[in-house]
1. Run the simple label-point estimate for Leu116 and Leu65 please: 7 Å along Cα→C-beta, distance reported in nm.
2. For the range 127-134, in order, what is each residue's ³J(HN,Hα) by Karplus, 6.51 cos²θ - 1.76 cosθ + 1.60 with θ = phi - 60°, in whole Hz (x at glycine and Pro)?
3. Note the full-extension length gain between Lys39 and Ile126 as 0.36 nm times their separation in residues minus their Cα-Cα distance, in nm to one decimal.
4. So which trypsin sites (Lys or Arg not before Pro) in the range 61-143 pass both tests, a DSSP loop state and at most 13 other Cβ atoms within 10 Å of the Cβ?
5. Can you tell me the equivalent ellipsoid semi-axes for the range 49-129? Use √(5λ) from the Cα gyration tensor, largest first, whole Å.
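Each value in this text was obtained by applying a stated rule to the coordinates, not by laboratory testing. Source: prediction; values computed, not measured. Note: ideal-geometry Cβ built from the backbone for every residue, glycine included; neighbour counts use all protein chains shown.
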Amino acid sequence: MAASVLYPSMTMSEPRETSQQAMEPVGMFIGTPEIYFSKRIDNTRVLKMVDPKRRRELALFAGALSVLLMFVMVYVWQHFSAIEYGYKIEQLKSEREAIMETNRALKLEESSLRDLSRIDALARQIGLQPPAAGQLEIMDNSSTDSGTPVLAKADGIMVVTAIQ
């Protein structure tokens, strides 16, 4: 058996004050010595007995714990999937709103570009003139229904020869 003795000293105690500690020697003995005995125990001849009832209880507990863990993981997975789908829905809604706003802007631009007075002003700027009295021929669409097929007609064909 081995014994060890520990002598408490001023270095192990808490410092009280700097001036008082400087007056006392550092290795001064305070209190009673503490003695510790170490004892070695030989457990090589001890056998572990297997308890089948305890093993069954531990297996049942592990199974119940794994089933509970599985339910918790399924719940967490569903919860996070619902949150992710919510974010996707909000993103798609914002994209839809942006597309609808772009569509409105394009329709407004289309209506401004189709303005006949603007087209007439642009045509006059590039040198085009309004048609003369005989150049314009209005087609008669009132006699035919828009749903029925129509054969092409050639009325009033005029042949123009090139003069050289």
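1. Taking the simple label geometry, Leu116 and Leu65 are separated by 8.6 nm.
2. x, 7, 10, x, x, 6, 4, x
3. 20.0 nm
4. Numbers: sites: Lys88, Lys93, Arg96, Arg104, Lys107, Arg114, Arg118, Arg124; in loops: Arg114.
Passing both the DSSP loop test and the Cβ count: Arg114.
5. Working: eigenvalues 1155, 14, 5 Å².
Gyration-tensor ellipsoid for the range 49-129: 76, 8, 5 Å.
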